[in-house]
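*Asks:* I'd like to ask you about the structure that follows.
The values are calculated or read from the model by the stated rules, or taken from the named source; none is laboratory data. Just so you know, these numbers come straight off a predicted model, no measurement behind them. When we count neighbours, we look across all protein chains shown, and the Cβ atoms used for this are built from the backbone with ideal geometry, even at glycine.
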Amino acid sequence: MKVYEKAPAKINLLLDVLRKRDDGYHEVEMIMTMVDLADRLEMTELPRDTIIISSQAGYIPLDEKNLAFQAARLIKDQYDVRTGVYIHLDKRIPVAAGLAGGSSDAAATLRGLNRLWKLNIPMEELQALGAELGSDVPFCVSGGTALATGRGEKLQPIGAPPQCWVILAKPPIHVSTQEIYGKLNVREIERHPSVPRMLQAIEDQQFGEMCQAMGNVLEDVTVRVHPEVRQIKECMMRLGADGVLMSGSGPTVFGLVSKEAKVPRIYNGLRGFCKDVYAVRMLT
Ligand code: ATP
């Protein structure tokens with residue numbers, strides 16, 4: 001028996017941090033959606049009680065540090081599954097990029113093993129399992145577009161944003177989410193993006209207004225450490241993207257573009273700056 005799952009990348013149309021909590025996590029408000037840039041997972045049942053991960057990507061851990069491995073072990077332990085699984089990860093989402101690649105792999109593993117082992121776990125229960133693996137995993141389990149609150153695990157699904165192109169550019173640096181949150185001083189945040197404004201823009205399908213409402217309070221922190229993020233942002237704006245923002249804790253910058261005719265110019269212009277550039281559709 002074999003199952004296949006796609007694990008799409010997420011972008012944050014909005015990321016706000018309200019305060020640091022006593023448990024060390026930050027209280028956040030995020031509006032997240034998925035784009036058509038995805039890892040592919042192939043899961044094959046094994047008769048022995050073991051979990052094996054392989055990938056063509058040489059730069060991710062293939063042992064128990066891999067989030068797909070952790071997801072497989074969690075679901076096996078919780079539901080007392082005695083057979084094993086071989087998971088092949090065709091990695092296409094850049095790593096440590098602010099695109100939740102690892103979280104999406106974990107979520108795809110939970111969905112895939114639920115089918116492979118015929119466990120019939122309801123979506124909410126899969127999301128609760130996902131929350132044990134990381135704050136972004138519950139969102140990646142269900143996908144779509146959602147307002148995430150708490151430490152990112154409380155989800156309220158919302159309608160899809162207006163359809164557009166998304167151009168992603170990742171400078172050749174790795175950013176640690178923990179380091180960026182560690183450097184954030186919530187009292188020093190100059191401008192908090194408005195969640196109600198973004199929700200309204202999406203509900204009204206107002207593309208221009210959605211671009212105006214985009215904001216990410218981690219951007220200033222990451223830019224201080226990695227000024228190349230600002231350079232890519234400026235380059236993308238100069239090339240004519242309608243709305244430009246850093247995703248998550250970075251360093252990937254994405255630009256929203258409504259007119260398809262503008263896409264090749266922006267894509268080619270950015271390729272002069274960095275190697276990792278993608279032009280994809282928003283998943284609606
Ligand atoms: P987020 O936006 O959720 O912070 P990210 O896109 O910044 O995520 P990931 O690509 O998920 O970061 O990788 C973060 C770390 O997780 C890397 O250092 C990587 O070694 C580790 N990791 C574990 N499992 C995976 C996986 N399946 N794919 C990618 N990275 C993984």
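*Asks:* Identify, please: which residue in the range 111-128 is crowded, with 17+ Cβ neighbours inside 10 Å and among the polar types (S, T, N, Q) and is, among those, nearest to Met34 (Cα to Cα)?
*Replies:* Gln127
*Asks:* Which ones in the range 244-284 are crowded, with 22+ Cβ neighbours inside 10 Å and over 26 Å from Glu179 (Cβ atoms)?
*Replies:* Leu256, Val257, Ile266
*Asks:* May I pose another question? For the range 79-133, give me each residue that is more than 11 Å from the ligand (Cβ to nearest atom), part of a loop (DSSP other than H, G, I, E, B) and over 17 Å from Ile52 (Cα atoms).
*Replies:* Across the range 79-133, the qualifying residues are Tyr79, Asp80, Lys118, Leu119, Asn120, Ile121, Pro122, Glu132.
*Asks:* Tell me yes or no: at least one residue of the range 41-63 is within 13 Å of the ligand (Cβ to nearest atom), over 30 Å from Ala160 (Cα atoms), among the charged types (D, E, K, R) and outside any strand (DSSP E or B).
*Replies:* yes
*Asks:* Just checking, how many residues over the range 90-110 are of a type outside the set (Asp, Glu) and surrounded by 24 or more Cβ atoms within 10 Å (Cβ to Cβ)?
*Replies:* Result for the range 90-110: 13.
*Asks:* Still on this structure: Here's a check for you: in the range 134-151, which residue that is in a helix (DSSP H, G or I) and among the β-branched types (Val, Ile, Thr) is nearest to Lys65 (Cα to Cα)?
*Replies:* Val137
*Asks:* Show the residue pairs that are 6+ apart or on different chains and have beta-carbon atoms under 8 Å apart, the first residue being within the range 174-196 and surrounded by 10 or more Cβ atoms within 10 Å (Cβ to Cβ), the second being assigned to a helix (DSSP H, G or I) and among the basic types (Lys, Arg).
*Replies:* Qualifying pairs under 8 Å: Lys183/Arg224.
*Asks:* Applying the selection to the range 202-233, what residues are within 22 Å of Ser176 (Cβ to Cβ), outside any loop (DSSP other than H, G, I, E, B), without any contact (Cβ under 8 Å) to a residue 40 or more places away in the chain and of a type outside the set (A, V, I, L, M)?
*Replies:* Selection gives Glu219, Asp220, Arg230, Lys233.
*Asks:* Looking at (1) within 16 Å of the ligand (Cβ to nearest atom); (2) farther than 20 Å from Leu37 by Cα, can you tell me which one Asp276 breaks?
*Replies:* It fails just one condition, (2).
Matching residues to (1) outside the structural domain of Leu245 (by TED's automatic domain parsing); (2) more than 29 Å from Gln178 (Cβ to Cβ); (3) free of Cβ contacts under 8 Å to residues at least 60 places away in the same chain:
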| residue | (1), (2), (3) |
| --- | --- |
| Pro47 | yes, yes, yes |
| Ser55 | yes, no, yes |
| Leu62 | yes, no, yes |
| Lys76 | yes, no, yes |
| Asp80 | yes, yes, yes |
| Tyr86 | yes, yes, yes |
| Leu89 | yes, no, yes |
| Pro94 | yes, no, no |
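*Asks:* Related question: Within the range 234-243, track down each residue that is aliphatic (A, V, I, L, M), touching a strand residue (DSSP E or B) at 6+ places or on another chain (Cβ under 7 Å) and touching a residue at least 24 places away in the same chain (Cβ under 8 Å).
*Replies:* Met236, Ala241
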